[in-house]
Amino acid sequence: MKEFDPVLEYLSRYVNLSDDEKARFISFLKIKKVKKRQCIVQPGFVCIHKTYVVKGALRAYFVDQEDKEHTQAFAIEDWWISDYSSMIYQEPATLFVEALEDSILIQIAHTDMLRLLEEIPKLEKFERIITQRALAFQQKRLLSSFINTAEERYDDFMNKYGAIANRVPQYALASYLGFSTEYLSKIRNRKSSKS
């Protein structure tokens, strides 16, 4: 049970499960250990799990027709990650989900989560809240890419997620922010020369 404490603590921020409900929930969870650069999701294969990060860092990205990588999301401790479109619609993934560090993960299969949502109505509330938050975050990110300058996007990311920036490769951060690694270096050099 102790190995699942982090995800139970995460759940407790949104819903109050009884001991029996917690036991039922964790009966569907699996621990997965991955090495740096290992992918847990790959394009062409259906994504079946939602993944919670206990320790480590991951990123979700796709590769365009010109073999350029575009980072869609990062996940560090206490965050969830998946190719949600593939998982929900049970169609081939379009994203890679790759470990940026050796990581310890907790996974739940989408089909098992659907079963639990039927059995434990409180989990419906949990799913609704985190889905709404994820949708709001994606909307803000999309709007920022249209409204804010590259430097403003960088500043916003550093203010909110500075700890992540120190853990992810520069190319991944640059692709997440929507510009080249060279441009990221220029921004960082300008910032360091001002301080």
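Inside segment 62-83, can you point out the residues that are in contact with a Ser or Thr (Cβ under 7 Å, 6 or more places away or on another chain) and within 24 Å of Y10 (Cβ to Cβ)?
Once the filter is applied, which keeps residues that are in contact with a Ser or Thr (Cβ under 7 Å, 6 or more places away or on another chain) and within 24 Å of Y10 (Cβ to Cβ), segment 62-83 yields T71, W80, I81, S82, D83.
Within segment 127-150, is even one residue surrounded by 12 or more Cβ atoms within 10 Å (Cβ to Cβ), outside any loop (DSSP other than H, G, I, E, B), in contact with a helix residue (DSSP H, G or I) (Cβ under 6 Å, 6 or more places away or on another chain) and of a type outside the set (G, A, S)? For segment 127-150, residues surrounded by 12 or more Cβ atoms within 10 Å (Cβ to Cβ), outside any loop (DSSP other than H, G, I, E, B), in contact with a helix residue (DSSP H, G or I) (Cβ under 6 Å, 6 or more places away or on another chain) and of a type outside the set (G, A, S): absent.
Looking at (1) at pLDDT 90 or above; (2) in a helix (DSSP H, G or I); (3) surrounded by 12 or more Cβ atoms within 10 Å (Cβ to Cβ), find the lone condition where V168 falls short. Result: V168 fails condition (2) only. The single condition among (1) touching a residue at least 40 places away in the same chain (Cβ under 8 Å); (2) in the same structural domain as N16 (by TED's automatic domain parsing); (3) surrounded by 13 or more Cβ atoms within 10 Å (Cβ to Cβ) that E119 does not meet is (3).
Annotation: of all residues in segment 70-124 being part of a loop (DSSP other than H, G, I, E, B) and among the β-branched types (V, I, T), the one that is nearest to the chain's Cα centre (by Cα) is I76.
Do we find that D67 is assigned to a loop (DSSP other than H, G, I, E, B) and either in the same structural domain as K125 (by TED's automatic domain parsing) or buried (at least 16 other Cβ atoms within 10 Å of the Cβ) (or both) in this structure?
yes
The values are calculated or read from the model by the stated rules, or taken from the named source; none is laboratory data. Predicted, not measured: the structure shown is a model, and the values here were computed from it. Virtual Cβ from ideal backbone geometry, glycine too; neighbours counted across all protein chains shown.
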